[in-house]
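Worksheet for the structure shown next.
Values quoted throughout were computed directly from the atomic coordinates according to the rules given, and no laboratory measurement underlies them. What you are looking at is a predicted structure, and each value in this text was computed from that prediction instead of being measured. Cβ placement follows ideal geometry from the backbone for every residue including glycine, while neighbour counts extend to all protein chains displayed.
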Amino acid sequence: MNAPGADDAVRFASPLLTEPGARVSSTITLPVRTDEHVVGVRKLVREQALDLKLSLVDQTKLVTAASELARNTIKYGGGGMVQAQRIDSGLRQGLRLVFADDGPGIADIPQALRDGFTSGGGMGLGLGGAKRLVDEFDIDSRSGEGTAVAIVKWKK
Ligand SMILES: Nc1ncnc2c1ncn2[C@@H]1O[C@H](COP(=O)(O)OP(=O)(O)OP(=O)(O)O)[C@@H](O)[C@H]1O
Ligand SMILES: [Mg+2]
């Protein structure tokens with residue numbers, strides 16, 4: 001996989017688009033390579049969550065999950081990008097974030113999700129924690145090609 005652009009990320013993450021009928025009404029793509037980018041991702045997600053009128057608790061959950069995934073994208077994926085999409089399933093509205101990198105991939109996804117597992121001297125709580133903070137969570141990772149992690153938070 002080459003440096004992922006917006007289209008690459010969509011293609012790579014397409015199995016993660018869990019509601020096939022969901023209409024995407026807007027897509028914003030940001031780079032995820034530096035600490036400043038993490039700040040930018042947090043700001044964008046907060047703004048979009050506010051715009052969708054998520055509760056303050058749900059806003060914070062989504063921003064926290066996004067932060068963890070952005071840090072993993074940088075630390076383990078060698079940098080990448082995020083797509084933030086406003087989606088509408090017909091029944092409900094939500095925000096979907098897809099983090100994509102072209103790093104080494106995750107060989108053992110269940111192991112990576114286990115609390116306490118880290119390959120980089122972290123706490124090993126980021127992925128599992130992010131999963132618990134959102135409504136939908138999916139990982140597509142290919143050895144030597146990269147990783148895409150998609151999360152969705154629905155407006156209740
Ligand atoms: N984008 C990625 N590419 C490759 N490996 C990843 C990626 N994201 C996570 N991993 C792997 O999954 C492991 C677990 O990730 P997790 O975020 O749960 O913990 P951590 O980043 O090691 O520590 P913490 O997030 O608690 O500081 C990582 O240590 C790494 O081995
Ligand atoms: Mg982490």
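Things to note:
- Under 15 Å from the residue 155 label point (7 Å along Cα→beta-carbon), backbone N, the stretch 68-107: 85-96
- Per-residue extension of 0.36 nm, minus the Cα-Cα distance of residue 123 and residue 138, leaves a gain of 3.3 nm for this segment.
- Overall size of the stretch 49-156 from C-alpha positions, given as principal axis extents largest first: 37, 25, 20 Å.
- Using alpha-carbon coordinates, inclination of helix 56-75 to the longest axis of the chain, degrees: 30
- Unit charges at the beta carbon, dipole of the stretch 18-146: most positive-side option, 73, 85, 98: 85
- Principal-axis analysis of the Cα atoms of the chain puts helix 35-51 at an angle of about 20° to the longest axis.
- Straight-distance crosslink candidates among aspartates and glutamates, where the alpha carbon sits under 12 Å from residue 153 and sequence neighbours closer than 8 are dropped: 58, 88, 135, 136
- Dipole of the chain [Lys/Arg +1, Asp/Glu -1 at C-beta], most positive-end residue of 56, 144, 122: 56
- Efficiency of FRET from Cβ geometry, residue 55 and residue 111, R₀ 35 Å, rounded to 0.05: 0.60
- Computed from point charges on the beta carbon alone (+1 for Lys and Arg, -1 for Asp and Glu), the dipole magnitude for the chain about its Cα centre is near 540 Debye.
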